[in-house]
Amino acid sequence: MYLYDDFDRTLLAERVAEFRGQVARRLTGELNEDEFRSLRLMNGIYLQLHAYMLRIAIPYGTLASDQMRKLAYVARRYDRGYGHFTTRQNIQFHWIKLAELPDAMADLADARLHGMQTSGNCVRNITTDQWAGVAPDEIEDPRIWAELLRQHLTLHPEFSFLPRKFKIAVSAAQHDRAALAIHDLSVRLHRNGAGETGFEIGVGGGLGRTPFLTKIIKPFLAKRDLLSYVEAVLRLYNQYGRRDNIYKARIKILVHELGAERFGKEVEAEWQAIKDGTLALDPAIIADIAARFRYPDYERLEDNPAALATARKSDARFAAWLDNSVSNHKVPGYAIVTLSLKPIGKTPGDCTAEQMDAIADLADRYSFGEIRVGHEQNLALPHVAQRDLPALFAGLDAIGVAIPNVNLISDIIACPGLDYCSLANARAIPVAQEISKRFADLDIARGLGRLHINISGCINACGHHHVGHIGILGVEKNGEEFYQVTIGGRADEQAQLGTLIGPAVPYDDVADVVEDIAEAYLDLRERPDELFIDTVKRLGVEPFKERVYATR
Amino acid sequence: MPLVKSGKVVEDRYVRVADGEPVPEQGAVIVSADRFLADADELGQRSDPVGVIWPNNRNVADLEPHLPKLALVALVFPAYKDGRAYSQARLLRERYRFRGELRATGQVLRDQFLFLVRAGFDSFEVVKPADALAFEEATKRYSVFFQPTGDGRVTVARVRSGREAQAPQRQPERLSA
Ligand code: SF4
């Protein structure tokens, strides 16, 4: 966990007071909706189809049990008893009243939670690997760097009115669980030939209407230079990013229009002018931030205790969950447990207040009071002693979050779509619900192996459909909902944009198309362990396209 | 439109001279960027102050050689959400060491005051009279600062690492005379 101090608390209190004043000015008409808009957006407040939506940041996906209880409280007190976890380590409440927003914010601030910079044209919540600090494959904890960036970019006087939103992700592991390549700026910790740790910096990734993956502009940046380099990137973007057309305003367009090489050179020149100034990171400052990340007092335990083997033998449901939802931890005798928020036929990422409270209790009992939120819209308990797994399973199963479908076809990422979002062209949640029902049989789902479906209700791509193994995008055709289907996308270290398989299909056909694709894969794969994504890579989209459109 | 300077609503001593109109012999004037660049030497001879309005899509580096001749630079916020002039302001103050009056013009609302001050602005043409009166309060809204900018406010990092003994200060150092 990260320890907040008086500065963090004071800042949040000041923020709430400011926002209270802004809401009061809006309610009296002193501020018009247009003026209020950018102010509320900077606090994570959107006006949706039915009500105001409040988005709360969960920095680097790390949440303490008391914070989870506070989210449950807010869900009950101000919303309809549930919240929705998004693809960017945020939680959204969709039904909050304008007049109550300042109170909800004040309650959240009591638990060190806020919505600052979760929307608007500023630097958004900085995301990382949800397994940061516990993943066996990381070289160090990426959250230290995410936190340094978060602080530096909180209420930054120069960069609070950028051309468009700006998303940063940080990862320090071999396996990319933070979807680096689809961010405006990616920061990857790695070791260079001399054995020093530093950052590889990429820019210009992003989905939406014109999808791009990041391009690397700095293969190795020393740690002391992180803030100055990011400042240089943002300064160029703030001045030269396009402001004439909202669809061309992201940094990816600037990078594309200038060319990554030229953009990199401009950044280099700006950076040279500031790198040895006040932003050069002092080791004392890095040490101070690092010291605020506290790790649990782990016991000395053995891997695979006998109790686990016994439980595995005696309970097939437990065994299935163990194989699916439990991952290796860097400390012997411990495990990382993923909680699926993808029950069959329900809304991906939704969590009820009762579930939140129960998860907070289980985290206290079995995970040193800590919970993680991942970009796949699932949760995790990051420090579970392996001997406790059977008891934890019973607890999770009782509240419906032990469904062993993590990374399977029913573990769907979907944006809110037409059910909530005023920008939507089509529904996304009901599509996810229907597909998950088709693959409710876990044996069938397991037989298909790792397979990610991502669904967006419009071209803004909040469901990251371009990087889904199967991507589904809602479009509107003559007032009806149609869906474009892509395959072969991925957001990991081999990131790739998916390829369209053919003409859009109507709402009623989407689940059938997914079934066709799944069947085609079963026929086409070379071996049972060739993943869907690898079969698509080997054969291209043609054979899938043939199968899908043969009868349509 | 009220002008706020040193935290107070004051009389604007500058007169804006439109392109094509003669520049008066005496009195403080503000001219456009094109006019200024065309007549920089002549305008620099004036004994009374000269200021320029610099658009937000023009590189402030072009202004650098002329800064000693300028008593004021006015930067422009064509819309509240167009933040280009924040970068221009920091560059003028922190890189090119401009010490004259740096004025924010255009869509200037109270919710920007603190950002503007931190970026180096020290005078403000404020759209709404009520906002101008709220200047003092708005710039004291926050006491916690993370970024070391040219305004001199002490950052949290420096306090935490023991470089500064006290809590962050509220008052900035005055940038212009
Ligand atoms: S992708 Fe479109 S429909 Fe879905 S949440 Fe984003 S803006 Fe709304």
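The values are calculated or read from the model by the stated rules, or taken from the named source; none is laboratory data. Nothing here was measured: the structure is a model prediction, and the numbers come from that model. Reconstructed Cβ throughout: ideal geometry from the backbone, glycine too, with neighbour counts over all protein chains shown. All accessible areas refer to the heavy atoms of the entire protein, side chains included, with ligands and DNA or RNA removed. Shrake-Rupley method; radii C 1.70, N 1.55, O 1.52, S 1.80 Å.
Points worth noting:
- Counted residues, segment A:432-462 - those being away from the ligand (no atom under 15 Å from the Cβ) and of a type in the set (A, V, I, L, M): 7
- Among residues of segment A:33-51 that are without any contact (Cβ under 8 Å) to a residue 12 or more places away in the chain and more than 23 Å from residue A:418 (Cα to Cα), those with a Cβ under 8 angstrom from a residue that is aromatic (Phe, Trp, Tyr) and outside any strand (DSSP E or B), sequence gap 6+ or separate chain, pair up as A:35/B:80.
- Residue in segment A:499-510 that is within 15 Å of the ligand (Cβ to nearest atom) and of a type in the set (A, V, I, L, M, F, W, C) present: no
- Subset tally (residues that are over 16 Å from residue A:87 (Cβ atoms) and either polar (S, T, N, Q) or facing another protein chain (nearest Cβ under 7 Å) (or both)) for segment A:156-171: 6
- Leading residue by the ranking (surrounded by the most Cβ atoms within 10 Å (Cβ to Cβ)) among those in segment A:524-545 that are free of Cβ contacts under 8 Å to residues at least 24 places away in the same chain and in a helix (DSSP H, G or I): A:535
- When residues in segment A:463-507 are screened for being among the small types (Gly, Ala, Ser) and assigned to a strand (DSSP E or B), 2 of them pass.
- Tally of residues being touching a Leu at 6+ places or on another chain (Cβ under 7 Å), open to solvent by less than 80 Å² (accessible area, probe 1.4 Å) and free of Cβ contacts under 8 Å to residues at least 40 places away in the same chain across segment A:287-332: 1
- Per-region count, segment A:1-35, residues small (Gly, Ala, Ser), within 11 Å of chain B (Cβ to nearest Cβ) and out of contact with any helix residue (DSSP H, G or I) (no Cβ under 7 Å at 6 or more places or on another chain): 2
- Restricting B:84, B:95 to those that are of a type in the set (D, E, K, R), free of Cβ contacts under 8 Å to residues at least 12 places away in the same chain and within 14 Å of chain A (Cβ to nearest Cβ) reduces the list to B:95.
- Screening the candidates B:6, B:47, B:32 for the property of being buried (at least 16 other Cβ atoms within 10 Å of the Cβ) and among the hydroxyl-bearing types (Ser, Thr, Tyr) yields one hit, B:32.
- Tallying residues that are out of contact with any His (no Cβ under 8 Å at 6 or more places or on another chain), closer than 28 Å to residue A:295 by Cα and open to solvent by 10 Å² or more (accessible area, probe 1.4 Å) within segment A:68-92 yields 4.
- Among the residues of segment A:294-340, those that are assigned to a loop (DSSP other than H, G, I, E, B) and among the acidic types (Asp, Glu) comprise A:297, A:299, A:302, A:303, A:315.
- Enumeration of residues in segment A:79-115 that are over 23 Å from residue A:155 (Cβ atoms), under 18 Å from the mean Cα position of the chain (by Cα) and in a loop (DSSP other than H, G, I, E, B): A:87
- Some residue of segment A:222-230 being β-branched (Val, Ile, Thr) and in contact with a helix residue (DSSP H, G or I) (Cβ under 6 Å, 6 or more places away or on another chain): no
- Scanning segment B:141-164 for residues that are at the interface with chain A (Cβ under 7 Å from one of its Cβ atoms) and either crowded, with 20+ Cβ neighbours inside 10 Å or under 26 Å from residue A:22 (Cα atoms) (or both) returns B:141, B:142, B:143, B:144, B:146, B:147, B:149, B:156, B:157.
- Unmet requirement for residue A:150, which otherwise passes all of (1) of a type outside the set (S, T, N, Q); (2) crowded, with 24+ Cβ neighbours inside 10 Å; (3) within 13 Å of chain B (Cβ to nearest Cβ): (2)
- Taken over segment A:427-458, the criterion of being open to solvent by 50 Å² or more (accessible area, probe 1.4 Å) and of a type in the set (Val, Ile, Thr) is satisfied by A:444 alone.
- Considering segment A:399-423, and only residues there that are touching a residue at least 40 places away in the same chain (Cβ under 8 Å), near the ligand (Cβ under 8 Å from one of its atoms) and open to solvent by 20 Å² or more (accessible area, probe 1.4 Å), the residue that is nearest to residue A:475 (Cα to Cα) turns out to be A:418.
- The numbered conditions (1) more than 24 Å from residue A:463 (Cβ to Cβ); (2) surrounded by fewer than 24 Cβ atoms within 10 Å (Cβ to Cβ) are all true for residue A:172 except (2).
Here is a yes/no grid of residues against (1) of a type in the set (Val, Ile, Thr); (2) farther than 21 Å from residue A:256 by Cβ:
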residue	(1), (2)
A:183	no, no
A:187	yes, no
A:201	yes, no
A:208	no, no
A:211	no, no
A:215	no, no
A:218	no, no
A:224	no, yes
A:230	yes, no
